[in-house]
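First the structure, in the form of structure tokens, and then the observations on it.
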Amino acid sequence: MLLRTARTRTRPALPGPSGARPVVLATFDVPFAADATAIAVDTAVEAGQPLAVVNVAEVPLGPCSTVLGYGYVGSDELERELRRPAELAASLGVVVERLRVCSPHPVDALLQLVAEREPGLLVLGPDPRRLGTRFYRRAARRVRERAACLVWLAEL
């Protein structure tokens with residue numbers, strides 16, 4: 001008599017919930033759209049997750065800027081606008097981190113940040129009226145294609 005036992009195939013263990021999956025609110029050196037701020041802050045509050053407020057600025061890489069040490073120069077008005085969502089979220093008990101990313105390739109820099117932070121939601125929320133329509137459409141398309149998280153885009 002021959003006895004055969006069934007072999008069970010084991011599947012590789014899927015990673016469990018990672019815990020903190022922050023909400024990222026990002027812009028390209030312009031103020032945020034009002035609805036983007038509301039979505040990001042509401043999501044962070046309701047999910048109990050941290051909020052990262054990110055300003056990605058294009059800084060040209062050239063010999064003059066490298067040798068003379070020129071870097072990012074922002075305006076006080078823009079800083080006030082970028083501080084508002086962070087202050088609102090902090091007042092509601094959310095852990096907030098503000099980041100400025102300077103790069104000659106801002107969309108690639110944002111995608112790299114998203115890959116490193118692994119957010120649950122990326123809110124791409126620059127005010128489209130203050131940003132070139134062509135740049136915004138290209139950036140939105142690349143983010144939709146390459147970001148490995150949920151993406152919310154501000155309307156044109």
Worksheet item: Which residues, counting only those in region 137-155, are in a helix (DSSP H, G or I) and small (Gly, Ala, Ser)?
Response: Ala139, Ala140
Practice prompt. Could you please tell me which pairs satisfy a Cβ distance under 9 Å, a separation of 6+ or placement on different chains, a first residue in region 107-119 that is among the small types (Gly, Ala, Ser), and a second residue that is in a loop (DSSP other than H, G, I, E, B)?
Written response: Ala115/Ala147; Ala115/Ala148
Worksheet entry | Residue that is surrounded by the most Cβ atoms within 10 Å (Cβ to Cβ) [pool: residues in region 90-122 that are farther than 16 Å from Arg142 by Cβ and touching a Ser or Thr at 6+ places or on another chain (Cβ under 9 Å)] | Leu121
Worksheet, complete the sentence: Of the residues in region 56-94, those that are modelled with pLDDT of 75 or more and either assigned to a loop (DSSP other than H, G, I, E, B) or touching an Asp or Glu at 6+ places or on another chain (Cβ under 8 Å) (or both) come to Val56, Ala57, Glu58, Val59, Pro60, Ser75, Leu78, Leu92, Gly93, Val94
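Conditions tested, residue by residue: (1) loosely packed, with under 13 Cβ neighbours inside 10 Å; (2) among the charged types (D, E, K, R).
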site	(1), (2)
Leu124	no, no
Arg130	no, yes
Arg144	yes, yes
Trp152	no, no
Item to complete: Take Ala13 and decide whether it is part of a loop (DSSP other than H, G, I, E, B), out of contact with any Pro (no Cβ under 8 Å at 6 or more places or on another chain), at pLDDT below 95 and not aromatic (Phe, Trp, Tyr).
Response: yes
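Table: residues versus (1) touching a strand residue (DSSP E or B) at 6+ places or on another chain (Cβ under 7 Å); (2) exposed (fewer than 10 other Cβ atoms within 10 Å of the Cβ); (3) at pLDDT 95 or above.
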site: Arg4; (1), (2), (3): no, yes, no
site: Pro17; (1), (2), (3): no, yes, no
site: Arg21; (1), (2), (3): no, no, no
site: Pro50; (1), (2), (3): yes, no, yes
Worksheet, complete the sentence: Those residues of region 107-135 which are closer than 17 Å to Ala147 by Cβ and not in a helix (DSSP H, G or I) amount to Glu118, Pro119, Gly120, Leu121, Leu122, Val123, Leu124, Gly125, Pro126
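The values are calculated or read from the model by the stated rules, or taken from the named source; none is laboratory data. Predicted, not measured: the structure shown is a model, and the values here were computed from it. So basically every Cβ, Gly included, is an ideal-geometry build from the backbone, and we count neighbours across all protein chains shown.
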